[in-house]
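Here the structure is laid out as structure tokens; the discussion comes afterwards.
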Amino acid sequence: MSERTTHSGESASWRSPSFSERSVFQMLLNAEFRGRREVGEQLRDAKVFELDQDGSLTLRTSGPMAEVAARIPVELTYLDADDQKAHVLLHVIDGFVNELEFFREDSGHVQSIPSEANLMAVEVNSA
């Protein structure tokens, strides 16, 4: 199936990640975590579908299975455009990248994506 319905009810198709989305992938991959190489290979040819107005993405990937330590092997923390803390979580389910989740700690809507300038921390989950 190549079309899905967006959060606003509009029809949308899977697409290649934007330059800014790819830069977020790279920030996540800069961290050392179990399964990193396989996750990187999956993200190289990933297709994405926007889930919500915060920019969260469902990902369609292929490649070698990633044996990660936890469903969320790596997370970014950054300051959003209005200096509120925001996060990006990489979800891996059954060895395949499934979602890139964006959210703010104050439950407001995400206004920007992370960059080297507003990045506060990269956390690896080794549990």
**Message:** Run the paramagnetic zone check for residue 71: 7 angstrom along Cα to Cβ, then residues of segment 98-118 with backbone nitrogen under 14 Å.
**Reply:** 98-101
**Prompt:** So if we plug the beta-carbon distance of residue 84 and residue 37 into 1/(1 + (r/R0)^6) with R0 = 30 Å, what FRET efficiency do we get, rounded to 0.05?
**Reply:** 0.35
**Prompt:** Per 10 Å bin, what percent of the C-alpha pairs of segment 25-127 does each bin hold, from zero upward?
**Reply:** 17, 49, 31, 4
**Complete:** For the chain, whose charge dipole is built from +1 on Lys and Arg Cβ atoms and -1 on Asp and Glu Cβ atoms, the candidate among 68, 114, 24 with its Cα farthest towards the positive end is 68
**Request:** Could you give the size of the charge dipole of segment 31-88 about its Cα centre, using +1 on the Cβ of each K and R and -1 on the Cβ of each D and E, expressed in debye and rounded to the nearest 20?
**Result:** 380 debye
**Prompt:** So what is the calculated 222 nm ellipticity per residue for the chain, using -39500 (n - 2.57) for each DSSP H run with n of 4 or more, over all residues, to the nearest 500 deg cm²/dmol?
**Reply:** -4500 deg cm²/dmol
**Prompt:** In what sequence do 27, 65 fall when counting other Cβ within 10 Å, fewest first?
**Reply:** 65, 27
**Point-to-point label distance, residue 30-residue 106, nm (Cα→Cβ direction, 7 Å offset)** = 2.6 nm
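Throughout, read-outs are computed from the coordinates displayed, never taken from laboratory work. The shown structure was predicted, so the numbers you read here are calculated from the model rather than taken from an experiment. Using ideal geometry, Cβ is built from the backbone for each residue, glycine included, and neighbour counts are taken over all protein chains shown.
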